[in-house]
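The values are calculated or read from the model by the stated rules, or taken from the named source; none is laboratory data. Please read these numbers as outputs of a predicted model, since none were measured by experiment. Heads up, the Cβs are rebuilt from the backbone with ideal geometry, glycines too, and the neighbour counts pull from every protein chain shown. For accessibility, only protein heavy atoms count, side chains too; no ligands or nucleic acids. Shrake-Rupley method; radii C 1.70, N 1.55, O 1.52, S 1.80 Å.
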Amino acid sequence: MATRVEFQEIFHDGSLWFKFGNGEAFSVNSLNKGVMVISPMQYCRIESIAKNIAGCFEKGSNFYGLKAIEFEHRGAYVSVNAKNADPDKIVKLWRAKMLENQKREK
């Protein structure tokens, strides 16, 4: 299902805050040449983040047309585009990055 995104406010540090249709919040760190970098709130579950981001690449989303959405969640950085915009794939990518980070720390 296409994800709808709603602007919330500009924080005192200049960051732009939005909410996905399910009410989970995120900030936009940058938007450059169709690539948006976001920071989901830490209380969000990766499964929910993945579903919301995947929906941004479906027709009907007000973010439809972006080349990629990149995000960091709990230390793992993931890039999503129209080709890998599937919630299960996004979760797998995130888990692989988390595992990679854990191995690097040892």
- Query: In the range 55-68, how many are in contact with a strand residue (DSSP E or B) (Cβ under 9 Å, 6 or more places away or on another chain) and either within 14 Å of residue 24 (Cβ to Cβ) or not aliphatic (A, V, I, L, M) (or both)?
  - Reply: 7
- Message: Cβ contacts < 9 Å: first residue without any contact (Cβ under 8 Å) to a residue 60 or more places away in the chain and part of a loop (DSSP other than H, G, I, E, B), restricted to the range 58-76; second residue crowded, with 18+ Cβ neighbours inside 10 Å and polar (S, T, N, Q), any location; separation 6+ or different chain. Result?
- Response: 58/3; 60/3; 61/3; 62/3
- Query: Could you list, in sequence order, the residues of the range 65-88 that are exposed (fewer than 13 other Cβ atoms within 10 Å of the Cβ) and under 9 Å from residue 50 (Cβ atoms)?
  - Reply: 88
- Item | Lone unmet requirement of (1) within 12 Å of the chain's Cα centre (by Cα); (2) modelled with pLDDT of 95 or more; (3) in a loop (DSSP other than H, G, I, E, B) for residue 3 | (2)
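So how many residues does the range 11-52 have that are assigned to a loop (DSSP other than H, G, I, E, B), open to solvent by less than 40 Å² (accessible area, probe 1.4 Å), over 19 Å from residue 95 (Cβ atoms) and out of contact with any Lys or Arg (no Cβ under 7 Å at 6 or more places or on another chain)? Spell out the reasoning first.
Applying the first criterion (assigned to a loop (DSSP other than H, G, I, E, B)) to the range 11-52 yields 11-15, 21-24, 33-34, 41-45.
Now restrict to residues that are open to solvent by less than 40 Å² (accessible area, probe 1.4 Å): 15, 23-24, 34, 44.
Within this subset, residues satisfying the condition of being over 19 Å from residue 95 (Cβ atoms) are 15, 23-24, 34.
Okay, now just the ones that are also out of contact with any Lys or Arg (no Cβ under 7 Å at 6 or more places or on another chain), so 15, 23-24.
Of the residues in the range 11-52, 3 are assigned to a loop (DSSP other than H, G, I, E, B), open to solvent by less than 40 Å² (accessible area, probe 1.4 Å), over 19 Å from residue 95 (Cβ atoms) and out of contact with any Lys or Arg (no Cβ under 7 Å at 6 or more places or on another chain).
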- Boolean, residue 58 is modelled with pLDDT under 95 and either open to solvent by 50 Å² or more (accessible area, probe 1.4 Å) or within 18 Å of residue 6 (Cβ to Cβ) (or both): no
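What residue, among those in the range 14-47 that are among the polar types (S, T, N, Q) and more than 14 Å from residue 72 (Cβ to Cβ), is nearest to the chain's Cα centre (by Cα)? Give the steps one after another, and end with the answer.
Of the range 14-47, the ones among the polar types (S, T, N, Q) are 15, 22, 27, 29-30, 32, 39, 42.
Still in the list and also more than 14 Å from residue 72 (Cβ to Cβ): 15, 22, 32.
Details: 15: 16, 22: 14, 32: 15 Å.
Restricting to residues being among the polar types (S, T, N, Q) and more than 14 Å from residue 72 (Cβ to Cβ), the top hit is 22.
Looking at residue 91, is it surrounded by fewer than 17 Cβ atoms within 10 Å (Cβ to Cβ), modelled with pLDDT of 95 or more and of a type in the set (A, V, I, L, M)? Spell out the reasoning first.
Numbers: surrounded by fewer than 17 Cβ atoms within 10 Å (Cβ to Cβ): no; modelled with pLDDT of 95 or more: yes; of a type in the set (A, V, I, L, M): yes.
No, not satisfied.
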